[in-house]
Amino acid sequence: MPPAPRTPFELLATAPGSAARLGRLHTAHGTIDTPQFMPVGTAGTVRAQRTESLSPAGATMLLANTWHLVQKPGLDVIAAFGGLHRFMGWSGGLLTDSGGFQVFSLGEHATVDEDGMDLRHPVSGRTSRLTPESSVAAQRTIGSDIGMVLDHCVASTVSEAVARAAMERTHRWAERSLLARGDAPMGLFGIVQGAVFPELRAESAAFLCALPFDGFAIGGLAVGETKAERELHTGAVAAVLPTDRPRYLMGVGTPLDLLEAVHRGVDLFDCILPTSLAQRGRTYTRTGRVELRRGVYRLQEGPLDPACICEACRRYSRAYLRHLILAGEPLGWTLLGLHNLQFWLDLMARIRLSIREGRFLELYSAERQWLDRTDEDAPVVVPRPKRRRSPPPESLGRWTLHRSAGFAGAPPLVSIRDRESGEVMHSVTAPHEEARALYVDQPGLLAHAAEAEAPPLVVWDVGLGAGTNAMELVHAWEGAAPTRAMHLVSFERDLDALRLALAHHHDFPRLRHAGPHALLETGEWRSPRAPILWSLLQGDARDHLDTAALPDLILWDPFSFRVDAPLWQRDTFARLRRRLGAHPAALYTYSNSTAVRLALLSAGFFVGPGVATGPKEATTVAWSGRPGGPTFGAAWLEKWARSSQRWPADLPESGRAAFERELRAHPQFSGGDPVS
Ligand SMILES: [Zn+2]
């Protein structure tokens, strides 16, 4: 029986219709969820990044380069600190290369013989000797969680004879490396070579798989072959590697390369692109690649990527980041590098989630279209006239931006107006303030967030609109260090209002967040910062009343009766009430209309006044169970009885007497805590 792996790998799921795998790699410095991207910390530092920025961006394992660390600071220094983890202040996983790649990168400065290789430093001229044994010893001194065997890497353009000789040498060195590792707890990966010759690749994989390695790397790619060749060999090699060991594609690559390789069954990646591109002002965003050196960004105020949660996107404008890059300021490298790392790591997180949820192929085909359009290997070249990019359109579909003076001396408001009805979303006060008062503070959302051992709080957001209410809940929950999970379910027929607001993110700062973008793209989003699942139900809200997750809180915020009458009528509320059954739920709405309150009462809800907003003295709250606040009492009923418009529009005259009888018999009028 082969020995147990020193860095055990659990295969959790394989994507239907793809070779993509979800796994977990256990190291002495934490568990690595795979597929995973490892930022490259060449010389004990990820270029221009502070070590403490890496974990928050999602990094769980770094790659360090053995040969560079041997040069500087030298193994004696690292040994004196007990390893690189302590030296650089990193407590996550660490994978080291063997130094073998340098024979390729140093070119004429390197010579290889059967025992090992001589590498001459191009600047200092000092030559150092690397053998399979000395490389493993150096990686043990560094304190690597996973080491790589020394391999003989050749360009993918060499002849088959040269490729075979290098591969066979790599195999002999692999056996020597395993012996040299001995009892060390360090995991060790074999490296499959064979350049672009399929028979050699197959032979190399078969030879190495018979040895007790903890994982396998696919080496010798990204060294001169075409993208198609790389994908072909990646897929072919991954297909013959054992399923219970992790697979690592060395030195690859762009976001699209990663997506393609995951699809072919690869688990681990490293690449210097995120930080090296950053130094040149090149970034990837969820809306395409952005070359910040271009003049079009000189005056752009918005964030680099509104969908990104990194420090660069949260705090700075494109114009400022562009300025830093043009001025050669190291802060520019830091911020853009951090953003790119976040992009690469977020992509891996999205990939993992999609495999877990059985929809990797869907994500693969969606992402590859735009990652491809903007890929490094095939840049989109669109000649542009030299002028500022025109601002996004002010209207989309039936929606248009609405700018108005604020209510009672408040600052000017930007909101979304329905061009057909003329109605404005959140017309009376700053939209997010109204949302906060009505739908966050009033239901005591933060108290719910602090509840422990309760099932997820299910909140219905009926009428997503421009996302104002939902984002107020997301911001509140993310800021509350919640112990309870929230499942936010948004109902919307027409997503153009949200799209329009996102295109004008300067005017809707509360939307500068990854959530709404992901929701539009995939219909679902999970917060990386708090237990929040946000899902979207498209179409008429009434079609989902019987099937959506049973709600605890309902934010009833569609357009008014005039625009969206069915959502305010008795039969809709009656269906909702039947769905709730014995489940206690509270419904909050901005409406203060008597007709709406009557509809709720006759549907069987307890109804009372909600908080004031703008010029409205009260709004409306309804409960399916025991009222959580004051309800309307006898005084309200008498006022209703004297009112001239007291009958629901859809009630025939013959039904009035019965309606009044039923209303007066409603349990809330036969006791409780009346208010007028
Ligand atoms: Zn960012």
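Every number here is computed from the coordinates shown, using simple stated rules; none is lab data. Worth saying up front: this structure is predicted, and the values here are computed from it rather than measured. Cβ atoms come from the backbone with ideal geometry, glycine included; neighbour counts cover every protein chain shown.
Details
- Over the chain, relative contact order from alpha-carbon pairs under 8 Å, at least 6 apart, %: 9
- Whole-Hz Karplus values for the range 194-200 come out as x, 6, 9, 9, x, 5, 5 Hz, taken residue by residue from phi with 6.51 cos²θ - 1.76 cosθ + 1.60 and θ = phi - 60°; glycine and proline positions read x.
- Local charge for E10 was computed over the other residues whose Cβ lies under 12 Å away, with Lys and Arg +1 and Asp and Glu -1, and equals 0.
- Of interest is the spacing of the C-alpha centroids, which for the range 156-182 and the range 623-656 amounts to 85 Å.
- Fraction of the pair-distance distribution of the range 1-86 above 15 Å, Cα-Cα pairs, percent: 69
- Under the Karplus curve 6.51 cos²θ - 1.76 cosθ + 1.60, θ = phi - 60°, whole-Hz ³J(HN,Hα) for the range 533-543, x wherever Gly or Pro sits: 10, 10, 10, 10, 10, 8, x, 5, 4, 5, 6
- In order along the range 624-640, the Karplus-derived 3J(HN,Hα) couplings, from 6.51 cos²θ - 1.76 cosθ + 1.60 at θ = phi - 60°, round to 8, x, 4, x, x, x, x, 10, 5, x, 4, 5, 5, 5, 5, 4, 4 Hz, and Gly and Pro are given as x.
- Cα-derived Rg to Rh of the range 616-658, Kirkwood definition: 1.03
- For the chain, adding -39500 (n - 2.57) for each run of n ≥ 4 DSSP H residues and dividing by the number of residues yields -10000 deg cm²/dmol at 222 nm.
- Here's the picture: charge each Lys and Arg Cβ at +1 and each Asp and Glu Cβ at -1 in the chain, and of M471, L438, P122 the one pushed furthest to the positive end of that dipole is L438.
- The order of W460, W525, W370, going from fewest to most other C-beta atoms within 10 Å of their C-beta, is W370, W525, W460.
- Most simply put, the chain has about 50% antiparallel DSSP beta bridges, counting only bridges with both residues inside it.
- Listing Y248, Y588 from fewest to most neighbouring C-beta atoms within 10 Å gives Y588, Y248.
- Cysteines, the chain, no other Cys beta-carbon under 4.7 Å: C153, C209, C271, C310
- Residue order, fewest to most surrounding Cβ atoms within 10 angstrom, among T613, T631: T613, T631
- Counting only aspartates and glutamates at least 8 places from K227 when in the same chain, those with an alpha carbon closer than 18 Å to its own are D257, E260, D270, E367, D372, D375, E376, D377.
- For R484, the residues whose amide H sits under 5 Å from its own are E451, ignoring neighbours fewer than 5 places away on the same chain, with H placed 1.01 Å from N.
- Ratio Rg/Rh, restricted to the range 419-473 and using Cα atoms, in which Rh is the Kirkwood radius: 1.07
- With eigenvalues of the C-alpha gyration tensor scaled by 5 and rooted, the chain, Å: 60, 26, 21
- For the range 158-267, the fraction of C-alpha pairs more than 21 angstrom apart is 32%.
- For Q300, residues with placed amide H under 5 Å, excluding near neighbours: A319
- Overall, the chain carries a charge dipole of about 1580 debye about its Cα centre when +1 sits on the Cβ of Lys and Arg and -1 on the Cβ of Asp and Glu, all other atoms neutral.
- Summarising the amide proton neighbourhood of T613: residues at separation of 5 or more, or on other chains, whose placed amide H is nearer than 5 Å comprise A618.
- Counting charges near G479 (Lys, Arg +1; Asp, Glu -1) among other residues having Cβ under 14 Å from its Cβ returns a value of +1.
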